[in-house]
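Asks: First the structure, which I've put down as structure tokens, then a few questions once you've had a look.
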């Protein structure tokens, strides 16, 4: 599975370049339109060619990045995946109630996190040790809230609420709640 950090970096670079090109187009157009009326306006062919180029570039970016989102394949083909482990987590009164103090999984396990809210809308996010987010989902009361994640490297992850649920929500942090260990270390 492609790491979400790598996807974000690649998309940031691609879309930054794309936005710079669009800004240059608008600046060029504004410069030409507000000229002194010297008759040297934009030639329609050049303008439409540039617009066509931007359209092809934009659509290409979306096609290229479509399958790089780490969880898309699992979500789109959910019936093809059987989780190796499942954790049922309950959230209520601004607290995560975990099935164990530390949830231990093996590298290459597909893990189902099934999260239920008893009262408010919360977020469920898994964060790396450097505080960058691995994934997150919204947890809505009365609805199915689950995600399957394929862990492809060892690490220790913290659970945090990623949705505003009032002032108490800022303290919804469970440090080192998920530990991913090398294969066969838990058997």
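The values are calculated or read from the model by the stated rules, or taken from the named source; none is laboratory data. The structure displayed is predicted, hence computed values, not measured ones. Here the Cβ positions follow ideal geometry from the backbone for every residue, glycine too, while neighbour counts run over all protein chains shown.
Asks: Would you check if residue 96 is out of contact with any helix residue (DSSP H, G or I) (no Cβ under 7 Å at 6 or more places or on another chain), part of a helix (DSSP H, G or I) and either under 21 Å from residue 162 (Cβ atoms) or at pLDDT below 80 (or both)?
Replies: Here the answer is no, as residue 96 does not meet what is asked.
Asks: Of all residues in the range 119-148, which are surrounded by fewer than 13 Cβ atoms within 10 Å (Cβ to Cβ) and either farther than 27 Å from residue 9 by Cα or in contact with a helix residue (DSSP H, G or I) (Cβ under 7 Å, 6 or more places away or on another chain) (or both)?
Replies: Selection gives 119, 132, 142, 143, 144.
Asks: How about the range 13-27: which of its residues are modelled with pLDDT under 85 and under 12 Å from residue 65 (Cβ atoms)?
Replies: Those that are modelled with pLDDT under 85 and under 12 Å from residue 65 (Cβ atoms): 14, 15, 18.
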